[in-house]
Amino acid sequence: MQFKLLSLSALVGAAAAATSSLNATITSTTSVAVASGCSFKSTYTATAQSDLDALSTCDAIKGDVYITGGIGAGSIANVKAIYGDLIISNATKLSTFSADSITAISGELNMESLTILSQFSMGSLISVGAINWVTLPALIQTGFKVVTDCNSIYISDTQLSSLDGLNPVNVETYNINNNLNLASIDSDVQTVSKALSISHNGDQTEVKFDDLKWANNLTFYSVTSISLASLQAINESAGFFESSVSALKFPLVATVGGDLTIENNDDLEKIDFSNLTTIGGGFVIENNTELKTINNLGDLKTITGAVVLKGDFDKCSLPSLKTVRGAFTVDTTGDFSCSDFDKLSKEGYIRGDYSCKASSSSSSVSGTKTSSSSETGSASSDSSSASSGSSSSSSSSSSKAGAAEILVSPVSVFGTAAALLIALF
């Protein structure tokens, strides 16, 4: 393989560049003097449009702005930057909101529990510290055009059909969940320094992060397809759950720093981690109904945690595996041979307990000891009684030891008698 893992210094540099980029953009777009009367030591609260109109003389605002109460339609005019948070919460009569002059918000854009908000527009927004949107059941469009800098994105329980206009390059967190009208997520994100999570959106949600090079954590629930064409490193854990994906293809990924879990994906037929060498945690492939062959893991050498492989597969190939520091459990209803994994255990490559059950063979181990037997309907009882002795079971060793003592005792008696007779003569 010619692919190269991003070095630690490169990853740190990318994260620093992401933060620097955001700060630089916010600074450049908010280099507007804060006029007298536009700086607030405590939160500025607006419950009517007249309260928002009072801000229209400000080019920039220093402090947090909080919109709530019975306001029905809201807008902020002329303001170009907010040095603080913009919070719109529990304004249950708010149906429309616009602030199309704002280019940057240094803090959060937080919208929560706006049950009839259907139109939202911030067409000039470029930079924002974080976007937190929760319970906006009538909102169909983001209202963004050019957001390219954002540290954190959390969007949950909306009617958004797309994430158009939301295109940051480097983020800390990116969490999109329970947006039932969201059919696709296509993002330009290149790095995720904390966590990327996509879960329980539309029934046919397609996910595409083809510019993503590395992420700290990845979690996908209930998606139809996943495309991460440029992904090279997962610093911590990755999980793929309860999705209708037919394939998981990550041929550039060289390391997973934590757990790698692929579980309950009923339509999954193929996985490709052909460049993966190291898993820093556990490795779980479980209950993927259509996954009959587990392969394309030819470079995998080291698994720091436990291994669990369960399902209905007939083949599983890990030809380069040399170190498993945890337990190793295989349980398949397929026509599978345990012989390759038995050999790994016997040669000491598996440090923890080992068990392999299949329709044609069964093996189990405690520590680094292996016993194996064929089964014609159920596993032999010998396979479940393996213990931590060096080569055979402790009960067997004890029995042999007892028999040896019985045979030696008569020899000792006759030897003593013979010695006495010789002495008399």
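The values are calculated or read from the model by the stated rules, or taken from the named source; none is laboratory data. Only a predicted model underlies this, so the values are computations on that prediction, with no experimental measurement involved. In this analysis, Cβ positions are derived from the backbone assuming ideal geometry, glycine residues included, and neighbour counts consider all displayed protein chains. Please note that ligands, DNA and RNA were not included when accessible areas were found on the heavy atoms of the full protein model with its side chains. Shrake-Rupley method; radii C 1.70, N 1.55, O 1.52, S 1.80 Å.
If you take the beta carbon distance between Asn287 and Asp211 as r and set R0 to 25 Å, what does 1/(1 + (r/R0)^6) give as a FRET efficiency, to the nearest 0.05?
Approximately 0.20, to the nearest 0.05.
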Under a straight-distance cross-link criterion of Cα-Cα below 18 Å, which lysines are reachable from Lys62, leaving out those fewer than 8 residues away in the same chain? Lys41, Lys80
Local charge sum around Asp188 (other residues, Cβ-Cβ under 13 Å, Lys/Arg +1, Asp/Glu -1)? -3
Positive end of the dipole of the stretch 32-159, charges at C-beta (+1 Lys, Arg; -1 Asp, Glu), about the Cα centre: which of Ile76, Ala46, Ile131 has its Cα farthest in that direction? Ile76
Gain in length, Ser161 to Ser246, computed as 0.36 nm per residue apart minus the alpha-carbon separation, to one decimal in nm? 28.2 nm
Listed by chain and number, the lysines with an alpha carbon less than 27 angstrom from that of Lys194, same-chain partners under 8 positions apart left out, are Lys4, Lys145, Lys208, Lys213, Lys249, Lys301
When the accessible area of the stretch 32-159 is computed with all protein chains present and a 1.4 Å probe, what percentage of it is carbon and sulfur? 49 percent
How long, wide and thick is the stretch 32-159, going by the Cα atoms along their three principal axes, in whole angstroms, largest first? 40, 32, 22
Sort Tyr354, Tyr221 by heavy-atom solvent-accessible area, probe 1.4 angstrom, most to least. Tyr221, Tyr354
Sum up the charges of everything whose Cβ sits under 11 Å from the Cβ of Gly239, counting Lys and Arg as +1 and Asp and Glu as -1, but leave Gly239 out. -4
Computed FRET efficiency, Cβ-Cβ of Asp59 and Lys322, R0 51 Å: what is it to the nearest 0.05? 0.20
Relative contact order for the stretch 32-159 using alpha-carbon pairs under 8 Å, separation at least 6, rounded to a whole percent? 17 percent
Say R0 is 22 Å: what FRET efficiency, to the nearest 0.05, do Asn264 and Asp188 get from their beta-carbon distance? 0.15
Contact order relative to length of the stretch 164-310, as percent, for alpha carbon pairs under 8 angstrom and 6 or more apart: 15 percent
With every protein chain kept in place and a 1.4 Å probe, the stretch 53-182 has an accessible area per residue in Å² of 35 Å²
